[in-house]
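Participant: Starting off with a structure, shown below.
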Amino acid sequence: ALIDSLRAHRIYPIARIVVFKDRMLAEKKPELAIRSSSGAVWLDGRGKPWVNPYDRRVWDYNVAIAREALDMGFHEVHWDYVRFADVTPTVRAGMVFPGSNGKSRWENIREFILHSRRELARYQVPVSADIFGVMTNVEDDGGIGQLWEEVVQAADNVHPMVYPSHYRAGYYGFRRPNASPYEVVRLALEDGTGRARHLGRRTAKI
């Protein structure tokens, strides 16, 4: 009924689905959660568990939710928290990811997005991803698996979360980035779109 109402008002409905920061799934199915080096379920700074991004059962669970949403009439799938937890290297060293088998974080995130696009291809809808805003400017994956060049080649749409309040003092030459929102957003998106064009091939809509 809600989807019918949105369509009647010409509103484009997007199904935003939180992928790997899924406390409920991790609590109900602890075998799908990230582990700590002690063998217990790993908990973030707020005491919440995350699911293991390497576990294909977690992938299948999220794709199943996306199918349900698309069957209801949503026009797009939007993956949020399609990343590893943002933690310090010291904390990361104590995290265990069963099934990783030496695969890097960025390879795994890229493969999840590509896998979800293949699994949802029959719906002929965009599959999108939220990305940390700073990823448009840094050369690595930031420890969270979001390597800019790989994500923009995997998803249909990429949404950089360019929040000026999240940029540290001095970023882009601004003492207080949050006091220059237009400039920070413009520079971040120029970085991201420029790097995508440099690839010289099909990339996501940014």
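The values are calculated or read from the model by the stated rules, or taken from the named source; none is laboratory data. Keep in mind that what you see is a predicted model, and the values were worked out from it rather than measured. Cβ placement follows ideal geometry from the backbone for every residue including glycine, while neighbour counts extend to all protein chains displayed. The accessibility values were calculated without ligands, DNA or RNA, using every heavy atom of the protein model including side chains. Shrake-Rupley method; radii C 1.70, N 1.55, O 1.52, S 1.80 Å.
Participant: Conditions first: (1) more than 19 Å from ARG83 (Cβ to Cβ); (2) touching an Asp or Glu at 6+ places or on another chain (Cβ under 6 Å). HIS159 passes all but one, so which condition is the exception?
Facilitator: Looking at each condition in turn, HIS159 falls short on (1).
Participant: For TYR54, indicate whether it is assigned to a helix (DSSP H, G or I), among the hydroxyl-bearing types (Ser, Thr, Tyr) and either loosely packed, with under 14 Cβ neighbours inside 10 Å or touching a residue at least 24 places away in the same chain (Cβ under 8 Å) (or both).
Facilitator: no
Participant: Further, regarding this structure: Given (1) closer than 17 Å to TRP42 by Cα; (2) open to solvent by 50 Å² or more (accessible area, probe 1.4 Å); (3) part of a helix (DSSP H, G or I), where does ARG118 come up short, assuming only one miss?
Facilitator: (1)
Participant: Within the set of pairs 6 or more residues apart or between chains, which connect a residue that is under 14 Å from GLY133 (Cβ atoms) inside region 167-183 to a residue that is in a loop (DSSP other than H, G, I, E, B) and open to solvent by 70 Å² or more (accessible area, probe 1.4 Å) with Cβ atoms less than 8 Å apart?
Facilitator: PRO177/ARG168; PRO177/ALA169
Participant: Is one or more of the residues making up region 27-45 open to solvent by 100 Å² or more (accessible area, probe 1.4 Å), touching a residue at least 60 places away in the same chain (Cβ under 8 Å) and of a type in the set (D, E, K, R)?
Facilitator: no
Participant: On to the next question. Counting only residues that are farther than 14 Å from THR203 by Cβ and among the acidic types (Asp, Glu), which one in region 128-164 is nearest to the chain's Cα centre (by Cα)?
Facilitator: ASP130
Participant: Would you check which residues across region 121-143 are in a helix (DSSP H, G or I) and either open to solvent by less than 30 Å² (accessible area, probe 1.4 Å) or charged (D, E, K, R) (or both) and list them?
Facilitator: ARG122, GLY133, MET135, THR136
Participant: Can I ask one more? Quick one: which residue in ARG105, ARG110, ARG83 is open to solvent by 70 Å² or more (accessible area, probe 1.4 Å) and at pLDDT 95 or above?
Facilitator: Only one candidate qualifies: ARG105.
Participant: While we're on this one: Run down MET72, MET95 and say which single residue is farther than 21 Å from ILE206 by Cβ and open to solvent by 70 Å² or more (accessible area, probe 1.4 Å).
Facilitator: Values: MET95 fails: open to solvent by 70 Å² or more (accessible area, probe 1.4 Å).
Sole residue among the options that is farther than 21 Å from ILE206 by Cβ and open to solvent by 70 Å² or more (accessible area, probe 1.4 Å): MET72.
Participant: In this structure, does VAL162 turn out to be surrounded by fewer than 17 Cβ atoms within 10 Å (Cβ to Cβ) and of a type outside the set (Lys, Arg)?
Facilitator: When the stated conditions are applied, VAL162 does not pass them.
Participant: Go through region 1-26 and count every residue that is outside any helix (DSSP H, G or I) and without any contact (Cβ under 8 Å) to a residue 12 or more places away in the chain.
Facilitator: Selection size over region 1-26: 4.
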